[in-house]
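Data block below; observations after.
A short reminder: the numbers here are calculations on the coordinates, not readings from a lab. Keep in mind that what you see is a predicted model, and the values were worked out from it rather than measured. Here the Cβ positions follow ideal geometry from the backbone for every residue, glycine too, while neighbour counts run over all protein chains shown.
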C-alpha cells in the first residue's frame, strides 16, 4: 500500500496501546525489510506490554506468549510476496485495521483498543488460524471483553465510592454508560475528575472529555483516549470559597 493510500485509514480513535502495536509491527517489518503484513500485527500485539487487554485475554486462555511468538516467527516464510514498501502497511494489514474498526462498532465502543485489534486478526484469513488452533475464538474474546468491562466498571465504582468527595454518593453503576452518566453528573457539579491509574500509568491526570465508554485526558501536548473499563478514577469536590462575613 502506498503512503497516500494508507493515510485514508484514520487512527483518531486508537488508544495509546493500539498505536504502540502498530508501531511495533512497523519496527519488526523494518528489520526484515518488508511491508507490514497481518502477521506483523500479531507480533506487535504479542510484544506490546502484557497489561494490554488483548494479551491479558490470551494469557487467561492458557497460551504461553513466548511459545506463540516462536510459532509466529516460523510462519514468516509463508508470507505472500507482493509489491510493497518497507515499513508501510500492506492492503492485508489495512484490512485487519478495518476489521478492528468494525468490531469496535459492533460492540458499540467508541475507541479502538488492543482487544479490537485481536478481533480484527481473528477475522482475517492469514492470521485467524494462529489463534483458533490454540482455542482462542471470536466468541471467547467477546466473552472476555464483556467480563473485563463488568469488572472494570465495578473497580471504578469502588474507587469512586471510597474516595472522600464521593463518599455520600449512592453509586450503583453497572455499565459503562451508567458510569459515564455518573461522572458527567459530578462534572456538572464542578467536581474535578482524575484518572489515578490506567494500565501501567500511575501519575494522576485530569479528565478532559467524558464519552460513553471512554474518557480523554491530556498528557503534555498529547491527548489520550482511555477506556472506562481500564481506568480507576478519583474525584475531588470544588473548593469552597472562604466565608468573608
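For the stretch 97-139, the calculated P(r) over all alpha carbon pairs, in 10 Å bins from 0 to the bin holding the longest distance, is 33, 52, 15, 0 percent.
Model label sites at residue 11 and residue 86, defined 7 Å from Cα along the beta-carbon direction, differ in position by 2.0 nm. For the stretch 3-136, a Kirkwood radius taken over Cα pairs fed into Stokes-Einstein (20 °C, viscosity 1.002 mPa s) yields D = 145 µm²/s.
Neighbour counts of other Cβ atoms within 10 Å put 188, 25 in the fewest-to-most order 188, 25. A full extension of the chain between residue 203 and residue 143 corresponds to an added length of 18.5 nm, given 0.36 nm per residue minus the alpha carbon distance. Fully extending the segment from residue 192 to residue 134, taken as 0.36 nm per residue of separation minus the present Cα-Cα distance, adds 16.4 nm.
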